[in-house]
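Okay, so here's the structure we're looking at.
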Amino acid sequence: MNHLQIRPKKPIRILRVAGLRKQIERDTRRQTGSENLKESKMDQIELILDRLYENEKIQRKFHELESKILSILNFQDFFEILLTEMGNTFDVPYVWLSVIKKSSLANLINPLIHSKIIIEKTKFINRSDFDEIFGNVSTPRLLSKNLEPYAVFLPKDTKYHTGSMAIAPVQIDGEIVGSLNQLDHSVTRFEPDMDTSFLEQLMTKISLCLSNVAAHEKLKFFAYHDPLTGLLNRRAFEAVLSSEFSRSKRHSHDLSLVFLDLDKFKQINDHYGHDTGDEALVYVAETLHAIVREEDIVARFAGDEFVIILPETAADKSEALMNRVQAYLDSHPLNHNGTKLTLSLSYGITSTRDREIENAAVLLKKADEKLYFEKGKKRAS
């Protein structure tokens, strides 16, 4: 798959403001003999040249920031550098992200919650709150003085509800997913009548870069994750199991493995359709992920089969876990178009306490055999 490769522009040509000023002075002296008129025109020219000079400095700063972010291909580095360098480059006290809940940006940024910078500089907001301020408008908004009406955008624990703020929408593949925000104590830093063209250009490039990074990160994610459930796939599971088995043996710690599948999955597909079968698989995956510990590893093995790696856990503890999972499924049936489907699981459990288990492959094989035996008992009953 080809991805958009964003490259920084060549540095802009810096205007020779001093030379331009001298040239205009010479032209003005030739064109008028009136000293008052000359002084008036020179004052206007000075204002224009000062504005040009300030624009040059701003443009250089935007180019400097663009150069630092446009070649990045992972989210953590992208956001950390953007949020840090935006404040440093433009000397802004507060720079942070507002992320619309359940947007594609929220889904991509959630795995990065271990990053201190992202935790401190990200605020999740409801789409309705965002739309109330922006609607479908994607241009930046500058706000000054009373910021209370925009408190939903303010950074966490901020003490400043006066000053000025710039809110610039962020897009991924054309979808508005949040905003990049700047806050200054001064009420004149971001006044509503100021020109936002430089900021708009930067946000266009940030949005393009985000789309590029998103495509790259998705490729990496699906190399190791199941696209339906989001769990680790078989390839990733086998690598993790091998590592955990070696660690268990090295430190003489318990390790258990649960091999499970969904009972009567074929009947669900045949009676309700494959979409409902997919819903059932996702529901089981979500249930497993919610109930296991943070250090446990859940993966989709194949079809309706799942596996759970339980470090430092004996077989009886794993049995208790599966009892809790089944109890939850019994009391919380899957709601499919008003029809409640109670899902049941069969499983086999193995542990490194079994001395016959010499490697990770045997641990998995024996769990599979126990699952097959359990399925046979249910058919016979």
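Observations on the structure shown:
- Residue that is farthest from LEU281 (Cα to Cα), among those in segment 312-368 that are under 33 Å from the mean Cα position of the chain (by Cα) and β-branched (Val, Ile, Thr): THR313
- GLU217 among the acidic types (Asp, Glu), in a helix (DSSP H, G or I) and not assigned by TED's automatic domain parsing to the domain that holds GLU374: yes
- Listed conditions (1) polar (S, T, N, Q); (2) within 16 Å of PHE79 (Cβ to Cβ); (3) touching a residue at least 40 places away in the same chain (Cβ under 8 Å) are all met by SER207, apart from (3).
- Looking across segment 120-148 at every residue that is in a loop (DSSP other than H, G, I, E, B) and under 26 Å from THR84 (Cβ atoms), the one that is modelled with the highest pLDDT is identified as PRO140.
- Selection status of LEU281, modelled with pLDDT of 95 or more, surrounded by 14 or more Cβ atoms within 10 Å (Cβ to Cβ), in contact with a Gly (Cβ under 9 Å, 6 or more places away or on another chain) and assigned by TED's automatic domain parsing to the domain that holds SER318: yes
- Residue ID - surrounded by the most Cβ atoms within 10 Å (Cβ to Cβ), chosen from residues in segment 89-103 that are more than 15 Å from ILE206 (Cβ to Cβ), of a type outside the set (Phe, Trp, Tyr) and in contact with a helix residue (DSSP H, G or I) (Cβ under 9 Å, 6 or more places away or on another chain): ILE100
- Per-region count, segment 255-275, residues among the polar types (S, T, N, Q) and in contact with a Leu (Cβ under 8 Å, 6 or more places away or on another chain): 1
- Across segment 326-349, the number of residues qualifying as exposed (fewer than 13 other Cβ atoms within 10 Å of the Cβ) and under 20 Å from ALA290 (Cα atoms) comes to 6.
- If only residues of segment 174-221 that are closer than 20 Å to ARG60 by Cα and among the charged types (D, E, K, R) are counted, the one that is surrounded by the fewest Cβ atoms within 10 Å (Cβ to Cβ) is ASP195.
- Flag not set for LYS101, criterion: charged (D, E, K, R) and touching a Pro at 6+ places or on another chain (Cβ under 8 Å).
- Residue count for segment 96-119, restricted to those that are free of Cβ contacts under 8 Å to residues at least 40 places away in the same chain and in a helix (DSSP H, G or I): 8
- Segment 86-121, residues that are out of contact with any Gly (no Cβ under 9 Å at 6 or more places or on another chain), under 23 Å from GLY174 (Cα atoms) and among the polar types (S, T, N, Q): SER104, ASN107, ASN110
- Here the condition is being assigned by TED's automatic domain parsing to the domain that holds LYS366 and either outside any helix (DSSP H, G or I) or more than 27 Å from ILE81 (Cβ to Cβ) (or both); of ALA239, ALA166, ALA151, it holds for ALA239 alone.
- Sub-8 Å Cβ pairs linking a first residue in segment 276-302 that is of a type in the set (S, T, N, Q) to a second residue that is surrounded by fewer than 17 Cβ atoms within 10 Å (Cβ to Cβ) and assigned to a helix (DSSP H, G or I), at least 6 apart or interchain, are THR276/ASN269; THR287/TYR328, ordered by first then second residue.
The values are calculated or read from the model by the stated rules, or taken from the named source; none is laboratory data. From a predicted model like this one, the values you see are computed outputs, not experimental measurements. Don't worry about glycine lacking a Cβ; one is built from the backbone with ideal geometry, like all the others, and counts go over all protein chains shown.
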